[in-house]
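Okay, so here's the structure we're looking at.
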């Protein structure tokens, strides 16, 4: 259905099917997108809105093409190199947009994870980095059929109208996996660190800009089950996310703000501790969920039971009955 209170937009996309934005997000997104003086739009890419969040950091907004949440991308202009975190769906000239902002500076492209709304624009670039645990899934979607699910049998978009000619031409790109804690050097000691925060996918990762002490977190809260015989299957559970947050916990005090893959930006870094707290509650008592819902995956139509555990001052950990403990993931692979 159409949103009952749509947010005004000059973007070239037009929603067909999408429920209204989550109540906790809608007021923020309406004020930001309709009234913020931070917003800029560039003719080179009519599918993106750009917001300057720090002196050298931009948040790039695009509307979802598959009825799910609208994704954010992030561009960091370092002293010698720039870095783009996530690439959205691949609609519009993202590469040209980055050049409008940073010029001809070398650009490092990295992904938080492989999902449609975070990595399908990778084909605009020659090389993309991610966690080594995410490489198998990234390679699986490194093909020319990734956009097929967006269209019905007549070739019309299912969820969001757009000009199909504006989808980038597919080009195979190199996927480079790096270990947890890998640091990208943007010049003059400006470092961005990949931090493995699995659960949502086997190699879901955040990126910490240590110059500004901010973290780009991707889709940390939504836990998904591993697929049969999948590498790094043990990472797809609440316990794996909790373990990663415990490792990062000594540095929580050094992370001042979080920039997620969806929703409100520049939120307090304290949400890392609150997220860990929610994980610990689930691990201690899986039946303590605060809600339950049956959803359909947009790409397959498969029904999935989703449980939720509220995060203090945040959203919620979303998980399935089979994606709680590492032992369950290992058992499922036998």
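What number of residues within segment 60-88 satisfy the criterion of being more than 30 Å from residue 16 (Cβ to Cβ) and in contact with a helix residue (DSSP H, G or I) (Cβ under 8 Å, 6 or more places away or on another chain)? Walk me through how you get there before you give the answer.
Of segment 60-88, the ones more than 30 Å from residue 16 (Cβ to Cβ) are 76-83.
Next cut, in contact with a helix residue (DSSP H, G or I) (Cβ under 8 Å, 6 or more places away or on another chain) only: 77, 82.
Looking only at that region, the number is 2.
From the list 47, 74, 51, the lone residue that is within 16 Å of the chain's Cα centre (by Cα) and in contact (Cβ under 8 Å) with a residue 60 or more places away in the chain is 74. Residues in segment 298-321 that are surrounded by 13 or more Cβ atoms within 10 Å (Cβ to Cβ) and free of Cβ contacts under 8 Å to residues at least 40 places away in the same chain: 304, 306, 307, 308, 309, 310, 321.
With the structure loaded, tell me whether residue 200 is loosely packed, with under 15 Cβ neighbours inside 10 Å and not in a helix (DSSP H, G or I) or whether it fails that test. Walk me through it before giving the result.
On the way: loosely packed, with under 15 Cβ neighbours inside 10 Å: no; not in a helix (DSSP H, G or I): yes.
No.
Here residue 69 fulfils each of the conditions (1) under 19 Å from residue 265 (Cα atoms); (2) at pLDDT 95 or above; (3) crowded, with 18+ Cβ neighbours inside 10 Å apart from (2). Of the numbered conditions (1) out of contact with any helix residue (DSSP H, G or I) (no Cβ under 7 Å at 6 or more places or on another chain); (2) crowded, with 22+ Cβ neighbours inside 10 Å; (3) part of a helix (DSSP H, G or I), residue 241 fails exactly one; give the number of that condition. Against the list (1) out of contact with any helix residue (DSSP H, G or I) (no Cβ under 7 Å at 6 or more places or on another chain); (2) crowded, with 22+ Cβ neighbours inside 10 Å; (3) part of a helix (DSSP H, G or I), residue 241 comes up short only on (1). Annotation note: of 6, 23, the sole residue that is surrounded by fewer than 19 Cβ atoms within 10 Å (Cβ to Cβ), free of Cβ contacts under 8 Å to residues at least 40 places away in the same chain, farther than 23 Å from residue 100 by Cα and touching a strand residue (DSSP E or B) at 6+ places or on another chain (Cβ under 8 Å) is 6. Here is the figure for segment 244-260: residues that are assigned to a helix (DSSP H, G or I) and either under 14 Å from residue 205 (Cβ atoms) or within 19 Å of the chain's Cα centre (by Cα) (or both) total 4.
Can you work out which of the residues in segment 88-98 that are touching a residue at least 24 places away in the same chain (Cβ under 8 Å) and assigned to a helix (DSSP H, G or I) is nearest to the chain's Cα centre (by Cα)? Break it down into steps so the answer makes sense when it comes.
Looking only at segment 88-98, we keep the residues that are touching a residue at least 24 places away in the same chain (Cβ under 8 Å), and these are 88-97.
In the following step, the residues that additionally are assigned to a helix (DSSP H, G or I) were identified as 94-97.
Values: 94: 16, 95: 18, 96: 21, 97: 19 Å.
Of everything passing the filter in segment 88-98, 94 is nearest to the chain's Cα centre (by Cα).
Would you say residue 1 is at pLDDT below 95 and either assigned to a strand (DSSP E or B) or closer than 26 Å to residue 314 by Cα (or both)? Working first, answer last.
On the way: at pLDDT below 95: yes; either assigned to a strand (DSSP E or B) or closer than 26 Å to residue 314 by Cα (or both): no.
No.
Residues in segment 309-318 that are within 17 Å of the chain's Cα centre (by Cα) and outside any loop (DSSP other than H, G, I, E, B): 316, 317, 318.
The values are calculated or read from the model by the stated rules, or taken from the named source; none is laboratory data. The structure presented is a predicted model; accordingly, all values stated were derived computationally and were not measured. Neighbour counts are summed over all protein chains in view; Cβ atoms, including those assigned to glycine, are modelled from backbone coordinates with ideal geometry.
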